[in-house]
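Working notes for the structure below.
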Amino acid sequence: MQKEVDLKLNENASLCKDLLEVVTSCAKPKEVLISLLEHLHLIKSSVVFRAVIQCIQKLLPNISGNRLAFLDFVLESLHNHLKSLCAAVAKSGGDQADDDSSTESQESRNLGDCLNAVAKFLSDITLDHHIQKESGIGECTMAVNDLILRYLLLFLGDTAVLDLRIRSNVSHSNVARLSALRLLSHISKRSTDLILLSFSGIATQNKGKASHTEDTEKDLPELVPPICRAVLAWLIFVENLEQDSIPCVYTNRYIFEHSLQSMLVLLLHNSGHVVSKGVALCANLVSRLSLGEFCYMDLDNTNLIALVRCLGKVMIYCQSSAARTTALSTLVNYIKCFKHEARYILYCRMLQVEKHAGFRGLLIDCYRQDMHAALKASIHMDTFWGTNFLEFLKILSSFSSQDQMNILDDSDCVLAVLNLIRYFALVLPYHSQECSEENQSICEIARKYVEKVKESVDLSRAHYKVELEHNKEKVRGCRVQSKDSLFPSLPPEQEAEVLETALTRLDLVESVIVFALDSVSHCSGKLIQ
């Protein structure tokens, strides 16, 4: 059945191509061109789209008047058509970025074929003598170059929603990747500085103000959406393409800071393929930074902080396990790029605004690792121990009473805090720490926090045990209203599994509570002696 449909589509496409050739050869070029562009939205097949591109290519040299304006009109129409295809790709499955998936949707293949046709069309555009005569060779060359460079970037941005990776388990070539490579090749021929071109719009404008050289100004086309420059940065740094066109005049930190907007645009996108590109770009640029690259004054840069939150969201919510794993390791490495004082402030700020228990737990675990590293090296003790740790623990101990029945939702964070308290209590007595008032205060706050958690665990366990008994009654056929259940939409058997898993999780939390209480009591006793 599918083969019959494909044959029918190919037959219709062939008829369209023949009809287009007849119309192109008989009608007036300008009227045909305008009509083709006005009806682009009706084209559904990439085969027909390629035929239209070929017709446009034949018509352009025969257009009288301002050819540059017509070229702009053509490219704008093509880009508007591809934007609708990009939206269809994102809607029909572009949000999926499975690690081992080798399947490609029809929408993705269609967009890839269309982009490849556009890339070939742009490669065939030359500065014919008719265009050059209109305003002089030099001016016209720059005008056409800027126009084509701008649309090259726009079309490159359209490849963001596609899977451009090379897959060893796929026999056919990746047409979308081929189109991106063609576009990048043409961009490199029309630009003297690809890295500058990849910088975000605001950064590029600032660079333009700082330098007024002719080469720099030629590389600044009209402002394009940030995602276009983001894809360019991904191709340069992650795919390592067109390296011969990259001048080595920028420091890694300069590149990182001027690429922040690009990374954020990719990470915040709703398409899985776009997010994966953002994670890869971020991992690459973070790996180029030095430890302690940023100081506490850099925390005023909101984009630096926003990147932490974006990586955290990808680490938690992204459907691709590879992207989640990379986001986790990148986030940890990125935090290490802040000096110790800045890192302490970063932990405190993030924990006060971040609500996800898993992300909070990761930040607390990172703090505990910094405590251990400081103690082991006997440096930065004042940063992660002493008064600073007391203030840090006060932030963590804000355990609201209304959340006491939701201990499971916060269990990742609670376990991280308990492990932090246990570490402090175990280590402090054996490292010649004086019996200071702040250490006693820390032990007191820690003890109260652990007791509150224990109380919440006891209440939650009792509640879930009651629910489990109700569940058993439902399984036995007793009349128990489903609206009284914690999970009314689940069958009784699945609900029982969820409740038993919850009780097991509570047992784990309680076991850590026991160790933490013993450690705090032992530490308090040592301090008093």
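Here are the numbers:
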| quantity | calculated |
| --- | --- |
| Trypsin sites (Lys or Arg not before Pro) within region 299-367: DSSP coil, no more than 14 neighbouring Cβ in 10 Å | LYS355 |
| Two-site label geometry, SER64 and ARG165: point separation in nm, points 7 Å out along Cα→Cβ | 5.6 nm |
| Gain upon complete extension [LYS448, SER105; 0.36 nm per residue less C-alpha separation] | 117.9 nm |
| Residue order, fewest to most surrounding Cβ atoms within 10 angstrom, among MET315, MET381, MET297 | MET297, MET381, MET315 |
| Extension gain (nm, one decimal) between VAL332 and SER521, 0.36 nm per residue minus Cα-Cα | 64.8 nm |
| Estimated distance in nm for a label pair at GLU500 and LEU390, the labels positioned 7 Å out from Cα along Cα-to-Cβ | 4.9 nm |
| Distance violations [Cα-Cα > 23 Å] among LYS355/LYS394; LYS376/LYS452; LYS452/LYS472 | LYS376/LYS452; LYS452/LYS472 |
| Karplus 3J(HN,Hα) series, Hz, for region 34-46 with 6.51 cos²θ - 1.76 cosθ + 1.60 (x for Gly, Pro) | 5, 5, 4, 5, 5, 10, 4, 5, 7, 7, 10, 9, 5 |
| Integer Hz, Karplus 6.51/-1.76/1.60 couplings in order for region 439-449, x for Gly and Pro | 5, 5, 5, 4, 4, 5, 5, 4, 4, 5, 5 |
| For region 229-236, Karplus couplings with θ = phi - 60° (6.51, -1.76, 1.60), whole Hz, Gly/Pro x | 5, 5, 5, 4, 4, 4, 5, 6 |
| Residues with amide H under 5 Å from that of PHE294, placed H, sequence gap 5 or more | PHE338, LYS339 |
| All-pairs alpha carbon distance profile, region 293-355, 10 Å steps from 0, percent | 22, 53, 23, 2 |
| Cα gyration tensor shape of region 346-421, rounded if a/c is under 1.5, else prolate or oblate by comparing a/b with b/c | prolate |
| Full-stretch length increase - ALA462, LYS91 - with 0.36 nm per residue and alpha-carbon distance subtracted | 129.1 nm |
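All of the numbers you see were taken from the coordinates with simple rules; none came from a lab. What you are looking at is a predicted structure, and each value in this text was computed from that prediction instead of being measured. Methodologically, a virtual Cβ is constructed for each residue, glycine included, from the backbone with ideal geometry; neighbour enumeration extends over all protein chains shown.
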